[in-house]
Amino acid sequence: MKKSQPITVLILNQITMKSTVYFILLLPFFIFSQSEIKGVVMEIDPQNQHIPLLGANVFWLNTNIGTITSENGIFKLPYEPSYKKLVISYVGFKIDTLSIDSPKMIHHLLKASDDLEEVTVSVRKKSSATSYLSSQNISTISSKELLKAACCNLSESFETNPSIDVNFTDAISGTKQIKMLGLTSPYILITTENIPSIRGASQAYGLSFIPGTWVESIQITKGGGSVVNGFESIAGQINAELVKPTTDSSVFVNAFGSLNGRTELNTHFNKILSEKWSTGLYLHANNRSQKLDRNKDSFLDMPLSKQLNIINRWQYSNLEKGLISFLNVRYLTDKKQAGQLDFDPDTDRLSNTVWGSEIATKRFEVSGKFGYVNPEIPYQSLGLQLSYSDHDQTSYFGLNQYDIRHKSICSNLVYNSIISDSRHKIKTGLNATYDAYSEVVNSDLYDRSERSIGGFFEYSFDNLEALNLTAGIRMDHHNLLGTFITPRVHVRYTPWEKSALRVSFGRGKRAANIFAENQKLFATSRTVNIQSTGGNVYGLDPEVAWNYGVSFLQGFELFGRKADLTLDFYRTDFQNQVVVDYENPYEVIFYNLEGSSFANSFQAEFSLNILERLDFKTAYKFYDVKTQYKSGKLMKPLTSQQRVFANLSFETVKKDKGGVWKFDTTFNWFGKQRFSSTVSSPEAYQLPRYSPTISTLNAQITKVFSHSFELYVGAENITNATQKNPILSSENPFGSNFDTTFVYGPIFGSTYYTGLRFKLN
């Protein structure tokens, strides 16, 4: 049943979207200006000429109000009578402090320091870290961290990160899914350079379409995320920053091969064309042609697959005019074949003789980012993001057919500035999206188009010493979801040295793509039952949830070595949810929530630099994820209530030519997971209530010979932990009890791999 709307929402619905958007976008311009001081900072060269200094620091003494000079040496700062001392500094020059008694124009010459000694500082940066200063709970994974595992696509990039859970979706497709805060990827906003990328039709397999070598870094944000990036984020955001043509190696090659029949090749070619233009061509190809069935159930343990993935990136930079732009053109083709060993797609396709599956995907996308930073006022900027994608998937699973075509257009306009001084920052803008879906589910056709336009305003108070606050609100109008408001708030407070206490809350809303997000259901004999409530998407109402979180980070020294301790607790409360009910073994039921549904997530993480170049990281996670099903309030199926993670990494002393040995090992233990009910199945196909516990151990050794060349070898699942009989009724795949979705652990046993990396700068 639809819930009646509160009177406040009914009133808001009377406000026209156009007026609201204009107000939100223009709000910063309504803020009055105050007195200011302007000036120019210069140096004197040996010929006694005055030369502007770019990047000199200018700030009011005993305040957090400051700026840096432009390429013309120009600066501008707010002025108040209480500001008396202006400090100007630049590396290699003497620091000057000026007495100021009124707003005026300043022309200042810095003098070179004659007594500076050359100092070399060497710091070994962490490959992953959580920010102490950001108001949001953000962890960054660098490319160095990604190289610690057999990382060949984004779904495999989190093997050494405790915040993200990775597991197989089913026993057929070989697809890995991720979870954060106890929720699956549809509740996580996944972006590429802050442009939404894994959504809609790409939700099931899209993570495997972003090669790991293309990724420069990954930012993981727990909680609702920023209002700038849209209204769909509920559990958090994962943003992948790609390598840049100007900073990536001119030539890069990664070759990978494993004993489970998987081979991959990645090549990067970058060229600086001029002072302002550069381009990069990146190629990813993988292939698995070896048929393996280690558990002898007549089904392939891993699908046969081929993928070709190409992207061409263009970068334009004009620092004098404050312009920077990126343009990406990408094409992908991906094919998978799964099922029984004897399956031949030429003769057995969609027949009841031999069970088989094929998934063929073609994707084309174009995206661009265009930014302008005011050279005279560096804190003012304007950015525009545009993207277009065409995702075409044709597939079948035994006798079930599923095809989807998804065309999407997204745009986002963002304006950045400050109010009065640099501690008070604002972001405001507009975004619009268009999505056209066409789905074929056996003989049923589902077509729809979604259109939305929204405006947002975000205020940040940035006092790095003690307090950070980010508060945002956005209003969107969606042709199927209506008009709604999404607030997000993040606060960071530093109670004492090397600490960060964070609190956050936010609201998210989304339309569930029930078939694209749950494609594993087609690899079963279950029937589909949609219990309509009269909603606009599959007859269902949109999902709405609130996320609340608190986090504490403390840095300290233990036995004279650096250490960090992080404690997180997050709760997600669904006001409405599209429940995916597997509790009847003969059907999958979709219906809107009647009752409560929540996800509680607690994580304790500890890291320690045991010895120089020897780092240890461990984490414990506890989940309490429950939903009101037709049969009662139950734990979410196949969600481990407890998890233990540990990682140990070591590097030898780096030699002059860059030579070094790197060792890395990761341990994961997963507690018991609830199986959806099979009590109504014949006894032979009944499963226990919970799965056994399971643990895995991975390791990798890398030999870096020089700055240009390295070799690596590794092993996954060294202990050979496997799930017995992952496919229910594998001997009768066309019978009513056939099901491939009861997966709680590895299907394939231990495997070993090797590879090489080569680059030219």
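Being modelled with pLDDT of 95 or more and surrounded by fewer than 19 Cβ atoms within 10 Å (Cβ to Cβ) is the filter; apply it to the stretch 305-324 and report the residue that is farthest from residue 394 (Cα to Cα).
314
Name the residues in the stretch 89-122 that are touching a strand residue (DSSP E or B) at 6+ places or on another chain (Cβ under 7 Å), at pLDDT below 80, closer than 18 Å to residue 79 by Cα and not aliphatic (A, V, I, L, M), would you?
103, 104
Considering only the stretch 538-617, give the strands (runs of 3 or more DSSP E) lying wholly within it that have at least 2 residues that are touching a Pro at 6+ places or on another chain (Cβ under 8 Å).
597-611
For the stretch 710-740, which positions are more than 15 Å from residue 297 (Cβ to Cβ), modelled with pLDDT of 95 or more and of a type in the set (S, T, N, Q)?
Once the filter is applied, which keeps residues that are more than 15 Å from residue 297 (Cβ to Cβ), modelled with pLDDT of 95 or more and of a type in the set (S, T, N, Q), the stretch 710-740 yields only 736.
Scan the stretch 719-761 for residues that are among the small types (Gly, Ala, Ser), touching a residue at least 40 places away in the same chain (Cβ under 8 Å) and surrounded by fewer than 20 Cβ atoms within 10 Å (Cβ to Cβ) and jot them down.
Once the filter is applied, which keeps residues that are among the small types (Gly, Ala, Ser), touching a residue at least 40 places away in the same chain (Cβ under 8 Å) and surrounded by fewer than 20 Cβ atoms within 10 Å (Cβ to Cβ), the stretch 719-761 yields 730, 735, 736, 749.
Going by what's in this entry, would residue 82 be described as at pLDDT 50 or above, of a type in the set (Gly, Ala, Ser), surrounded by 14 or more Cβ atoms within 10 Å (Cβ to Cβ) and on the phi < 0 side of the Ramachandran plot?
No.
Return yes or no: is residue 249 touching a strand residue (DSSP E or B) at 6+ places or on another chain (Cβ under 9 Å), farther than 27 Å from residue 329 by Cα and in the same structural domain as residue 328 (by TED's automatic domain parsing)?
So residue 249 does not fit the description; no.
Given the structure, is residue 359 closer than 20 Å to residue 212 by Cα and assigned to a strand (DSSP E or B)?
no
When you go through (1) more than 25 Å from residue 280 (Cβ to Cβ); (2) crowded, with 24+ Cβ neighbours inside 10 Å one by one for residue 238, which number turns out not to apply?
Among (1) more than 25 Å from residue 280 (Cβ to Cβ); (2) crowded, with 24+ Cβ neighbours inside 10 Å, the lone unmet condition for residue 238 is (1).
State all residues of the stretch 515-545 that are aliphatic (A, V, I, L, M) and surrounded by 21 or more Cβ atoms within 10 Å (Cβ to Cβ); if no residue qualifies, say none.
Listed by number, the residues that qualify are 516, 521, 523, 540, 545.
Suppose the filter is in the same structural domain as residue 380 (by TED's automatic domain parsing) and within 25 Å of the chain's Cα centre (by Cα); does residue 446 pass it?
No; evaluated as a whole, the condition is false for this residue.
Which numbered condition trips up residue 487, out of (1) crowded, with 16+ Cβ neighbours inside 10 Å; (2) in contact with a helix residue (DSSP H, G or I) (Cβ under 9 Å, 6 or more places away or on another chain)?
Looking at each condition in turn, residue 487 falls short on (1).
Any residue in the stretch 604-626 that is within 16 Å of residue 569 (Cβ to Cβ) and modelled with pLDDT under 95 sitting within a Cβ distance under 8 Å of a residue that is hydrophobic (A, V, I, L, M, F, W, C) and not in a strand (DSSP E or B)? List the pairs, counting only those 6 or more apart or interchain.
Going by the 8 Å Cβ cut-off, there are no qualifying pairs.
The values are calculated or read from the model by the stated rules, or taken from the named source; none is laboratory data. Note that the coordinates shown come from a computational prediction; the quantities given were computed from them, not determined experimentally. Note that we place each Cβ from the backbone using ideal geometry, even for glycine, and neighbour counts take in every protein chain shown.
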